[in-house]
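The next block holds one structure in the form of structure tokens; read it before the comments.
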Amino acid sequence: MKQHVAFALNIIAIGLFIPGITLPMFALNMEMSALLNAAGISSTLIDKELSILNTVQELWEGERFLVAALIFLFSVCVPILKTILMSLAYFTRNINVRRNLSQFVSAIGKWSMADVFVVAVFLAILSTNHADTLSQETLTLFGFTLGIDISTQTLSAVGDGFYYFVGYCLLSLLASHIATSPYTLIPIRINK
């Protein structure tokens, strides 16, 4: 029974995983404005929504290959491999193959905690919400003194992808725990 529950949780988790990596994880907006004696200029410096896959793509295009590869490996490849192996273990009749697959999933499960690390990084980015800076400068030009107020504002918001990815992480961990618990792998024998 536990294997059926673990498999069902695994299927639901992969259903959350797909939108979790494709939908925006967060939105980031950064604006700068300057006031010059009551006249104002405003400009948007950054306005983007990023999913995990978009983040990997931007990092790769920005030639930050190691970071892009690590995020792709731990947030995309390891979860897919884990799901495939858990599914194979579920459909395999050979108890030794099932046990070996489950032990391997348990071993890479420790590595899949890196996807939780990715979520923590996104949370750290989101902690910059409503960061305002104000700088007051004076400019003397041809004997006139002008007051310039320069301010920036950074706003960030959690996207739907964040919630799907967190849901995937939690369900995947629960499914792995249930599937690899010792009671799941040992067949029950009733002696008469």
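Observations on the model:
- The stretch between residue 70 and residue 104, if pulled fully straight at 0.36 nm per residue, gains 10.2 nm over its current Cα-Cα span.
- FRET efficiency for residue 42 and residue 12, using Cβ-Cβ distance with R0 set to 35 Å, rounded to 0.05: 0.20
Each value in this text was obtained by applying a stated rule to the coordinates, not by laboratory testing. Bear in mind the structure is a predicted one, so any value in this text is a computation, not a measurement. We place every Cβ from the backbone using ideal geometry, glycine too, and count neighbours over all the protein chains shown.
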